2 protein chains.
Amino acid sequence: MTAEEIKRVLVVGAGTMGGQIALQCAIHGLDVALYDVSAGALAAGMGRVRGYASHLTAQGRTTTAVLDHIQPTTDLAAAAATADLVSESVPEDPALKGRVLAELHALCPPRTIFTTNTSTLLPSMFAAATGRPERFCALHFHLPVWDANVADVMAHPGTDPAVVETVTAFARRIGQIPIVVGREQSGYVFNTMLNALLGAALELAAGGVAPPADVDRAWMGIMHTPVGPFGIMDAIGLDTVWKITDYWAGVSDDPRLRANADFLRGYLDVGRLGQKAGGGFYDYPEPAYRHPAFLPGEEL
Amino acid sequence: MTAEEIKRVLVVGAGTMGGQIALQCAIHGLDVALYDVSAGALAAGMGRVRGYASHLTAQGRTTTAVLDHIQPTTDLAAAAATADLVSESVPEDPALKGRVLAELHALCPPRTIFTTNTSTLLPSMFAAATGRPERFCALHFHLPVWDANVADVMAHPGTDPAVVETVTAFARRIGQIPIVVGREQSGYVFNTMLNALLGAALELAAGGVAPPADVDRAWMGIMHTPVGPFGIMDAIGLDTVWKITDYWAGVSDDPRLRANADFLRGYLDVGRLGQKAGGGFYDYPEPAYRHPAFLPGEEL
């Protein structure tokens with residue numbers, strides 16, 4: 001199957017990622033089924049999708065008519081029967097992912113390509129469970145899918161190279177810049193670099209070298225970006241950054257990672273979870289780093 | 001002495017950094033003496049300074065008249081006699097820096113503040129040699145000084161807090177965003193983060209996860225920056241990046257740093273030192289990453 005032959009996409013999991021992937025596919029002319037296990041989760045997910053569509057329509061980048069091409073459903077068998085490609089975005093649990101993909105294998109035609117959007121697991125951890133390992137690889141998106149339009153393609157050792165090629169071309173077809181990862185490893189290309197940057201920023205603040213605002217000021221003033229590492233962490237959510245940092249601190253036994261996790265913990269303990277909570281390293285909706293005085297320009 | 005009382009600056013060392021610092025001070029209304037030990041080095045340095053001034057004049061950001069406020073000199077005694085602040089940018093050798101600053105101590109009036117622009121050494125390594133440790137700290141710039149207008153202020157334990165305050169205000173006066181580093185440590189705020197980012201990018205390429213262009217594509221596509229980590233390394237010079245990586249690989253015995261150094265070495269061995277050599281990870285003057293096709297935009 002070539003990428004052009006893909007007409008119907010089944011997105012499994014209607015969370016933030018699943019909803020954005022569904023919308024992105026619909027915008028690029030595909031028919032999409034958006035599945036979730038509960039009607040409530042599905043309704044919430046479609047609410048978010050409509051919000052994204054309105055936002056992009058206001059920017060003149062699409063029209064809300066694309067929503068007609070997204071079919072929300074809790075009937076997995078019906079949606080699976082006609083799917084050319086599956087994009088799986090269920091919670092990050094290899095056993096759960098394996099169960100869901102095994103069920104899909106029984107319901108989908110043999111031609112269907114399976115992709116996982118996992119951001120922390122390896123495709124090989126549940127390749128066998130899919131029942132069709134040769135037609136399975138990771139296709140990993142970034143948020144927001146339409147602006148951070150880079151998608152990692154990560155095969156496991158058993159993926160058919162022709163499938164990797166089709167998935168790569170499919171990514172291009174839906175407006176993504178595909179990055180084909182050369183070997184299976186924990187962490188994708190962008191995330192590996194972002195984690196290194198955020199870890200270094202946390203070390204500077206946790207170690208008392210400079211407070212978060214000064215760290216961001218240094219990065220923004222030299223890189224000329226609209227946000228620095230601590231502003232990015234506020235957007236990701238400090239609970240999520242803490243979870244990842246705490247996990248790796250445990251695995252590696254690195255005292256610097258432990259200090260970073262403890263530093264984040266101090267914010268969580270007082271309810272400062274980031275942008276979504278109205279406050280993290282900065283106060284929202286008007287964080288200091290968006291104010292012109294934060295970064296005096298050089299007026300020569 | 002307050003920052004407003006600083007009228008005359010002595011820049012010691014007419015390399016790239018010294019020349020840019022001299023010009024930046026002149027643009028902001030200071031009288032500058034630019035010293036180098038040899039007439040040849042001084043002439044080359046002044047040639048670069050005139051080039052920068054023409055470039056900034058073409059951008060409407062200054063006029064070449066500011067060059068009248070930069071006095072190139074090989075007469076250290078005369079320049080030192082009237083200096084209110086010294087900015088030292090001689091090669092990164094603590095013994096050499098100590099010798100130069102000791103000589104300056106004998107030549108400068110007691111009021112003169114000494115600053116070092118060292119990027120890899122600690123001020124305490126040569127504070128005693130200055131003869132005036134309480135009036136000495138690091139004031140560390142980034143290239144190009146007028147656009148990357150962030151300057152780290154790093155005191156050693158013996159620096160008078162009033163001097164830190166004056167140097168910080170002086171940085172602001174010459175159009176820099178000062179970042180006062182909370183404690184003396186190897187590495188400044190921005191450089192610590194940049195090194196982490198570049199190291200992660202090198203690991204991805206050296207480990208065969210993705211080639212340099214794909215690594216840059218992922219960073220640029222999501223961060224929306226005009227250049228990625230490998231483009232930045234080309235601008236720094238791969239010989240410089242190699243030197244730093246090789247040094248830390250030796251100190252830390254980390255096999256990943258060694259692999260990164262060896263990966264860089266492969267480019268050096270075939271003369272690909274970066275932008276200055278016409279080629280590094282990319283070919284110059286038209287590197288692929290500046291071409292629109294490098295990063296297809298998402299056209300919704």
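FYI, it's all coordinate maths here, none of it is from the lab. If you're wondering where the values come from, they're calculated on a predicted model, not measured in any experiment. So basically every Cβ, Gly included, is an ideal-geometry build from the backbone, and we count neighbours across all protein chains shown.
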Anyone know which of A:Ile113, A:Ile222, A:Ile70 comes out most mobile in the 10 Å Cα GNM of chain A?
A:Ile222
Tell me which lysines have Cα within less than 29 Å of B:Lys276's Cα, excluding those fewer than 8 residues away on the same chain?
B:Lys97, B:Lys243
Every other copy gets compared here: list the nm distances from the A:Leu96 label point (7 Å along Cα to Cβ) to its counterparts, shortest first, one decimal.
5.9
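Dipole magnitude of the protein assembly as shown about its Cα centre, charges +1 at Lys/Arg Cβ and -1 at Asp/Glu Cβ only, in debye to the nearest 20? Don't jump to the answer; show the numbers that get you there.
On the way: 42 positive and 62 negative charges, 71 e Å.
Value, rounded to 20: 340 debye.
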Selected from A:Leu238, A:Pro285, A:Gly199, residue furthest toward positive end of dipole (region A:189-294; charges at beta carbon)
A:Pro285
Dipole of the protein assembly as shown (Lys/Arg Cβ +1, Asp/Glu Cβ -1, origin at the Cα centre): which of B:Gly98, A:Thr64, B:Trp248 lies farthest to the positive side?
A:Thr64
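Taking the Cα centre as origin and putting +1 on Lys and Arg beta-carbons and -1 on Asp and Glu beta-carbons, what dipole magnitude results for region A:189-294, to the nearest 20 debye?
Working: 8 positive and 12 negative charges, 27 e Å.
The dipole of region A:189-294 has a size of about 140 debye.
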Between A:Ala58 and B:Ala277, with labels modelled 7 Å along Cα→Cβ, what's the label distance in nm to one decimal, could you check?
5.1 nm
For region B:203-216, what does the Karplus curve 6.51 cos²θ - 1.76 cosθ + 1.60, with θ = phi - 60°, yield as ³J(HN,Hα) per residue in whole Hz, taken in order and with x for Gly and Pro?
4, 4, 6, 5, x, x, 6, 7, x, x, 5, 5, 4, 5
Could you tell me how far the Cα centroid of region A:110-181 sits from the Cα centroid of region B:241-279, in Å?
32 Å
Net lengthening on full extension, A:Ser186/A:Asp68 (0.36 nm per residue, minus Cα-Cα)
38.8 nm
5 Å is the cut-off here: which amide hydrogens, built 1.01 Å from N in the peptide plane, fall below it relative to B:Val180, excluding neighbours closer than 5 in sequence?
B:Val153
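What is region A:1-101 by shape, rounded, prolate or oblate, if you read a ≥ b ≥ c off the alpha carbon gyration tensor as root eigenvalues and call it rounded for a/c under 1.5, prolate for a/b larger than b/c, and oblate otherwise? Spell out each step's value before the answer.
Details: a/c = 1.90, a/b = 1.30, b/c = 1.47.
Oblate.
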Compute a Gaussian network model of chain A, connecting alpha carbons closer than 10 Å, and tell me which residue from A:Arg132, A:Arg290, A:Arg99 fluctuates the most.
A:Arg290
If Lys and Arg each add +1 and Asp and Glu each add -1, what is the summed charge of the other residues whose beta carbon sits under 12 Å from the beta carbon of A:Thr245?
-1
Taking the Cα centre of region B:3-180 as the origin and placing charges on Cβ (Lys, Arg +1; Asp, Glu -1), which of B:Trp146, B:Thr82, B:Ala14 is farthest toward the positive end of the dipole?
B:Trp146
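Full extension from A:His291 to A:Glu134: what is 0.36 nm times the residue separation minus their Cα-Cα distance, to one decimal in nm? Each step should come with its number before you reach the end.
Details: separation 157, 0.36 × 157 = 56.52 nm, distance 5.14 nm.
Between A:His291 and A:Glu134, full extension yields 51.4 nm more.
Any idea what the relative contact order of chain A is, in percent, if you count C-alpha pairs under 8 Å spaced at least 6 apart?
On the way: 497 pairs, mean separation 35.6, N = 300.
Across chain A, relative contact order equals 12 percent.
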Amide H within-cut-off set for A:Ile113, under 5 Å, with H built and near neighbours excluded:
A:Leu85, A:Val86
Within the set B:His55, B:His69, B:His224, GNM on chain B using Cα springs under 10 Å gives the largest fluctuation to B:His224
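How much net charge surrounds A:Ala81 when only other residues with a Cβ under 15 Å from its Cβ are counted (Lys, Arg +1; Asp, Glu -1)? All intermediate terms of the calculation are to be shown ahead of the outcome.
Details: positive: A:Lys7, A:Arg8, A:Arg111; negative: A:Asp31, A:Asp75, A:Asp84, A:Glu103.
Net charge in that neighbourhood comes out at -1.
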Length gained if B:Leu107 through B:Val270 is fully extended, taking 0.36 nm per residue and subtracting the Cα-Cα distance, is 54.0 nm
Kindly express, to the nearest 10 degrees and within the range 0 to 90, the angle between helix A:255-268's C-alpha long axis and the longest C-alpha principal axis of chain A.
90 degrees
With only Lys, Arg, Asp and Glu charged, each at its Cβ (+1 for the first two, -1 for the last two), find how big the charge dipole of chain A is about the Cα centre; round to the nearest 20 debye.
460 debye
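Note down the relative contact order for region B:191-293 as a percent, whole number, built from C-alpha pairs under 8 angstrom at least six residues apart.
Working: 117 pairs, mean separation 26.5, N = 103.
Once normalised by length, the contact order is 26 percent.
Exposure proxy check: B:Ile27, A:Ile21 ranked by fewest other beta carbons within 10 Å? Provide the component values of the computation, followed by the final result.
On the way: B:Ile27 24, A:Ile21 27.
Going from least to most buried by this count: B:Ile27, A:Ile21.
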Quote the FRET efficiency, to the nearest 0.05, computed for A:Tyr284 versus B:Tyr247 with a Förster distance R0 of 45 Å and r equal to the Cβ-Cβ distance.
0.60
Under the rule rounded for a/c under 1.5, else prolate if a/b exceeds b/c, else oblate, using alpha carbon gyration tensor axes a ≥ b ≥ c, region A:113-206 is classed as oblate
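Calculate, for A:Asp160 and A:Met125, the FRET efficiency according to 1/(1 + (r/R0)^6) with r their C-beta to C-beta distance and R0 22 Å; round to the nearest 0.05.
Working: r = 19 Å, r/R0 = 0.85.
About 0.75, to the nearest 0.05.
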Restricting things to alpha carbons, tell me how big chain B is in terms of Rg and Dmax, in Å.
20.5, 67
Give the angle, between 0 and 90 degrees and rounded to the nearest 10, that separates the Cα long axis of helix A:161-173 from the longest principal axis of the Cα atoms of chain A.
60 degrees
Could you derive backbone 3J(HN,Hα) for region A:86-100 from the dihedral phi with the Karplus parameters 6.51, -1.76 and 1.60 (θ = phi - 60°), listing whole Hz in sequence and x where the residue is Gly or Pro?
10, 10, 9, 9, 8, x, 6, 9, x, 5, 4, 4, x, 4, 5
P(r), alpha carbons of region B:191-293 - 10 Å bins starting at zero, rounded %
16, 52, 29, 3, 0
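Report the net charge of residues surrounding B:Val180, where surrounding means a beta-carbon distance below 10 angstrom and charges are Lys +1, Arg +1, Asp -1, Glu -1.
Numbers: positive: none; negative: A:Asp214, B:Asp152, B:Glu165.
Charge balance near B:Val180 sits at -3.
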Computed [θ] at 222 nm, helices only, for the protein assembly as shown once each DSSP H run of length n ≥ 4 contributes -39500 (n - 2.57)
-14000 deg cm²/dmol
Roughly what % of DSSP beta bridges within chain A run antiparallel, to the nearest 5?
20 percent
Within 10 Å of each Cβ of B:184-195, how many other protein chain Cβ atoms are there on average?
6
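What do you get for chymotrypsin sites (Phe, Trp or Tyr not before Pro) in region B:69-145 restricted to DSSP loop and a cutoff of at most 16 other Cβ within 10 Å of the site's Cβ?
Details: sites: B:Phe114, B:Phe126, B:Phe136, B:Phe141; in loops: B:Phe126, B:Phe141.
Here no loop site has a sparse enough neighbourhood.
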Exposure-ranked with fewest Cβ neighbours within 10 Å first, A:Thr130, B:Thr225 stand as B:Thr225, A:Thr130
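Express the relative contact order of region B:253-296 as a whole percentage, based on alpha carbon pairs under 8 Å and six or more residues apart in sequence.
On the way: 22 pairs, mean separation 7.6, N = 44.
Normalised by residue count, the contact order of region B:253-296 is 17 percent.
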Checked region B:3-180 against the a/c 1.5 cut and the a/b vs b/c comparison, axes a ≥ b ≥ c from its Cα gyration tensor; verdict prolate
